[in-house]
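Read through the structure below, which is laid out as structure tokens, and then see the notes.
Rule-based calculations on the coordinates, nothing more; no lab input. Quantities reported herein were computed from a predicted structural model and do not represent experimental measurements. Glycine gets a Cβ as well: all are built from the backbone with ideal geometry, and neighbour counts include every protein chain shown.
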């Protein structure tokens, strides 16, 4: 606001002299045009006087030539007469036109023309004829008439000249008056405008000084506020519990807070203006290969970036820490990249805690399956014992062969159950290619007895084979959790549905996918549904609706495993109507699992 006022005052101060000069220039131009008009009138009168004088000279030449011819009778003396007579008519006509154009009286010129014509008709022509015929050229009457006409013509021309001289004098006086008025106007205008401009400029400059002082004070306040804000920001960054690193747009370090100094082993003084790659060295936990620095990723992509949860920070002393990291660009007002801020934290203890919780949940799942497995294995073994007893008591060869086939089938079932149980404990260090259809079938085999005892009908719609890359033990744990949860809320007589489908890619643009192609597994129960008040808490650790029977870790661990595979879990629930129940959808991509959790949160729909 102050700056706009300052600019407005400067503009007014500069524009007033310009406007005043334009007005004075306009007045001067008008005065000069009037003066030029007066000078043009003076020049016109001078031209008229010159024309009348020249006509008088022509008349004198006529008279002189006529008298010479009269006295000598020599024809050569008529040359001046003839020459003057030839030019007289055109000059008289031109003078008449000029007098009319200049609004002058032409009566004297008309009398001159009449008198000249009378002189030619009654004096000049008769005299020439008389001389040529040898007559008496001393005739007093004709000479007196010629003299009288000639004197009258000279008088008329003299009158025209005098009239034009008087008009010229009048024009000169008008021009002189205009010059005096112009000078007076210039002096007066310059004086008045000088005073006005001086007073106005003084007032404007006073206001400009005030505005400039106000702007300067405001700038000082803003500078102080900016400095105070920067100090507060630095204090805040120094005090927060996460490591913060601020870099310029070339990746050089400008700020390390206290936590980042502790985690990296570098001090602010040692790290200042060093490239981030010198101070922040990160490796892949599994391969030990260097990872691209998140600051370099942000500088390259101009977008926020996150580190892998399997990243290891190599401290200055050689120690290693598991870290979680994110980097964000800093843009200036023009939208140009000005720098990068990176936030990271030590997640070593968190990783250990998560591993312990994951092992605890796996043991809980295994414990819940122990009783079922005992019954599942005990029943086929009882059947084998009975078949052996029947074979021992005596049977026909046909019956023996039939009993052997039945015993072999029961033992195969025991083998399948034991292998499924062992799969819960076998953990692969790297993802392998697996058939998701076979994996789900093995989990359903372990839960078959529970389904029968609960009076729940299993409906399978599994389209296969569905081959993906992943960790079989972890995925068995996921689907065991989901199927067990669905079975716990199912009532006798209802149906538990398991579907496996191909999931096409979802494209954002022709060259970029929001989600790659993969498979979707849906587990649907027809229980009472999930109340809306607890939907947002389902994936929080230690939250359970089973009381003492649950650990509260199943869905939280399952979500972490699915996100580790680059997938997502969505829950849709219905608490009213004949179609109430809950559907849990698990999406898994065909490719290898992510090294870090995919940024796809669990979505819960009521």
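A few comments on the model shown:
- 19 Å tail of the calculated P(r), segment 120-226, as % of Cα pairs: 76 percent
- Computed from the Cβ-Cβ distance with R0 of 51 Å, the FRET efficiency linking residue 580 to residue 236 stands at 0.55.
- Only Cα pairs under 8 Å and 6+ residues apart enter the sum, and on that basis the relative contact order of segment 242-346 stands at 29 percent.
- Segment 2-213: C-alpha pair distances exceeding 22 Å, %: 66 percent
- Once the Cα gyration tensor of segment 242-346 is diagonalised, semi-axes √(5λ) in Å: 22, 16, 11
- Given their separation in residues at 0.36 nm each and the Cα-Cα distance between them, residue 172 and residue 316 gain 41.6 nm when the chain is fully extended.
- Here the contact order of segment 2-213, divided by its residue count and restricted to Cα pairs under 8 Å and six or more residues apart, works out to 37 percent.
- Spin-label zone in segment 51-80 - amide nitrogen under 12 Å from a point set 7 Å from the Cα of residue 129 along the C-beta vector: none
- Exposure proxy order (Cβ contacts within 10 Å, fewest to most) of 63, 111: 111, 63
- Counting every other Cβ atom within 10 Å of each residue's Cβ, 164, 401, 572 order from fewest to most as 401, 572, 164.
- Listing 438, 325, 461 from fewest to most neighbouring C-beta atoms within 10 Å gives 461, 438, 325.
- A Förster radius of 45 Å combined with the Cβ-Cβ distance from residue 590 to residue 396 puts the calculated FRET efficiency at roughly 0.25.
- Label-point separation in nm, residue 79 to residue 195, each point 7 Å along Cα→Cβ: 7.4 nm
- FRET efficiency estimate (nearest 0.05) - Cβ-Cβ, residue 270 to residue 18, R0 56 angstrom: 0.40
- Amide N proximity, segment 430-450 versus residue 412 label position 7 Å along Cα-to-Cβ, cut-off under 20 Å: 437-449
- Modelled label positions at residue 459 and residue 25, each set 7 Å beyond Cα in the direction of Cβ, lie 9.3 nm from each other.
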